[in-house]
1. For region 4-83, what does the equivalent ellipsoid look like in terms of its semi-axes, each the square root of 5 times an eigenvalue of the Cα gyration tensor, given largest first in whole Å?
2. Can you sort Phe140, Phe54 by solvent-accessible area, 1.4 Å probe, largest first?
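The values are calculated or read from the model by the stated rules, or taken from the named source; none is laboratory data. All of these numbers come straight from a predicted model, not from anything done at the bench. For accessibility, only protein heavy atoms count, side chains too; no ligands or nucleic acids. Shrake-Rupley method; radii C 1.70, N 1.55, O 1.52, S 1.80 Å.
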Amino acid sequence: MVTSIEKQIVALLEVGDKKAISLLYENYADALYGVIKKVIKDEDTAQDVLQESFVKIWRYAKKYDASKAKLFTWLYRIAYNTAIDKVRSLKNKTGKDIQIETSVVYTFTADSINQDVIDIKKHLGTLDEKYQIVLNALFFEGMTQQEASDELDIPLGTIKSRLKIGLRELKKIYNP
C-alpha cells in the first residue's frame, strides 16, 4: 500500500524538486540509519554513509521506477549498498601495510645508479624550449598533463604531443 506522503515524494522526485530530499530525510532517515548501523558500527562513519546515501538517492532520483519497487525498498538498497561499499573501501585501506624491511629504497649505492642519466637536466637543456617547458612541468614540478595545460595555457593535445616528441628526443640522446 502506497501512502500519500510516498506518492508526494515520488511525484517531487520525478520532476527533480528539491523538496523531495527534505521529505525523504524527514520520513526515512531514521530507518535508513538503522539499516546502515547494522553494517557499520562506528557512529561517525555511519552518519557519513547516510549522507552519501542521500546524495546517491538525489543523483539517481529520476531512475526510480515505482512499478519495480516500493520507495522504501529502493531507498533501503541504496543505503545498504553504500554501507557495504564503505566497509569494503575501509578494509582495502587498512589491509595494505607498508613493509619497510623488504624495501629496496635504501639499498641503492652509487654504483647501482646509471651515471648516464644523472645529467638529465643538462640534456633537457639541449631540447627546444617548448619541449623543455613541458617536460620540466610534468617531471620536475610534478604536474599532471591537465595541470600543465592549465598552468602553461597550452592546449592539452599540444602538451601530449610535446611530451611525446620531447621524450623521443631524450631517447636519442641516451640510446644513440
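1. The equivalent ellipsoid of region 4-83 has semi-axes of 22, 12, 11 Å.
2. Largest accessible area first, the residues go Phe140, Phe54.
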